[in-house]
Amino acid sequence: MHFQFGSFFQDLIRKVPVFRSLKAYIFLLMLVIGVVPGAIMRIGILENYEERAVSLRISDLTTQYRIIADHLLNYNYLQDTSSDVINAELEQMANLYDGRVLIINGNFSIVKDTYALSEGKTMISEEVIRCFKGENISRHDRNNGYIEMTVPIVETVETDGKAGSVVRGVILASSSTDSIAAMLEILSRRALILEIVMTILILGIVFFFSHILIAPFDRVTKAINEVRDGYNDKEISVPDYLETEQIVDAFNQLLGRMRVINDSRQEFVSNVSHELKTPMTSVKVLADSLNQQPDAPVELYREFMQDITEEIERENKIINDLLTLVKMDRTEAELDIRTVDINSLLEKTLKRLRPIARQRDIEVVFESIRSVTAEVDEVKLSQIFTNLVENAIKYNKEHGWVRVRLDADHQFFTVEVSDSGIGLKEEDYEPIFERFYRVDKSHSREIGGTGLGLSIARSAVLLHRGSIRVSSVEGEGTVFTVKIPLTHVIAGGGA
């Protein structure tokens, strides 16, 4: 039952927007802080008033009955109850405090009852016995609304020349607390009215301040919506709170990244259009040339067909890169995890790429600190290393070098691909991994490619729960560092 109630409450919070509003939470918090202490104070003050009033009533009664006790001894009332003066005093006390007075002599016999109901009867109770021993006892019965008390009738006597006191009797009296209760009710009503007025006032203040406190967040939302709807594309600024400043900074960073991505996409359209169009144009020119020369020699046909094949291969590589990136973007992309010898994989990768490097007299060196075996997707890992090394060769200097270094610890293996190339500017470190990003358009077009290699590499690294970092010195070279777990980590779980 408790679980069902908790589930119902959670569903209610999710479905009713007001329960998810920060403004509502601030409103409720300030309301509780303003109202609850007032209610607690009202209850405490009323209880303190009641205790104080009862204490004063008991003190007053005790004083009055001690005076009467002296009169009882002076008029020898315990032996003779005919004194009109004493009887009048007792009746007056009973009427004044809306109570009852019993006079008990030394034999525990009731000699006087202002209610005239128990005279002549014997009264033996704990309170009476303790009072005969000289104790003053008082008790407040809140539920029935009365105070009961005992006052000893003490006579001073001399024994062997020494003064002493003897309890000759007991006054057992009760007093109604209706007047205290009535005053308490009046005070309670007034306090409640005051509390209601204060609550209404607090409600107004809380509503005003909750609106003021939440206003910066509303401005953030409005500014973001304007950017979303296309009315504004500038960075927003709401520096009212540290929190709004952090939200705005994060949004502005996201906006900046989106601009870079958008610019990169536009650049991609231009690049891909150029890259796809160029091979097709070349194929068309070659084919048209052959068509215009029906009697061309076989050697010329072979040369032209070889050129056409190369252009088709170039086109095919662009398309394959795009398909690879699309597959890695899919949320359901899976890895074919196997235990792979990383040293062997790197050696095979470099063996395929060394002929390309030799064309520009670039030395490719492999340094293995230790033998490494890891649980990885061999195909995707090969794509990572191939793209990084190809980039290092393409953007290198004539007669330069590329160094691939493999190392590992007990958790990760690390591959560093460094080169003696043209290097990068520091502002290109982050965007260089964005798809379609080109550091230098003119140089990149001369070199070729689509600007997708590093994006493919990063996507493959992230699928392995690894990391890829870049550091560079412009004009001197670049180092890419890939760090991947030795044991495959399943998303959201263990190995």
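Entry note: the stretch 334-485 has Rg to Rh equal to 0.94, where both radii use alpha-carbon atoms and Rh is the Kirkwood radius.
Rounded to the nearest whole angstrom, the semi-axes of the ellipsoid equivalent to the stretch 217-266, taken from the Cα gyration tensor as √(5λ), stand at 21, 13, 6, largest first. With neighbour counts taken as other beta-carbon atoms within 10 Å, the residues Thr221, Thr114 rank, fewest first, as Thr221, Thr114.
Other residues with beta-carbon under 11 Å from the beta-carbon of Ser344 carry, at +1 per Lys or Arg and -1 per Asp or Glu, a net charge of -1. Counting every other Cβ atom within 10 Å of each residue's Cβ, Thr478, Thr63, Thr386 order from fewest to most as Thr63, Thr386, Thr478.
Restricting the trypsin sites (Lys or Arg not before Pro) of the stretch 97-195 to loop positions (DSSP other than H, G, I, E, B) with no more than 15 neighbouring Cβ atoms within 10 Å leaves Lys121, Lys133, Arg142. As a length-normalised measure over Cα pairs under 8 Å and 6 or more apart, the relative contact order of the stretch 334-485 settles at 24 percent.
A short reminder: the numbers here are calculations on the coordinates, not readings from a lab. These numbers were taken from a predicted model, which means no experiment stands behind them. Don't worry about glycine lacking a Cβ; one is built from the backbone with ideal geometry, like all the others, and counts go over all protein chains shown.
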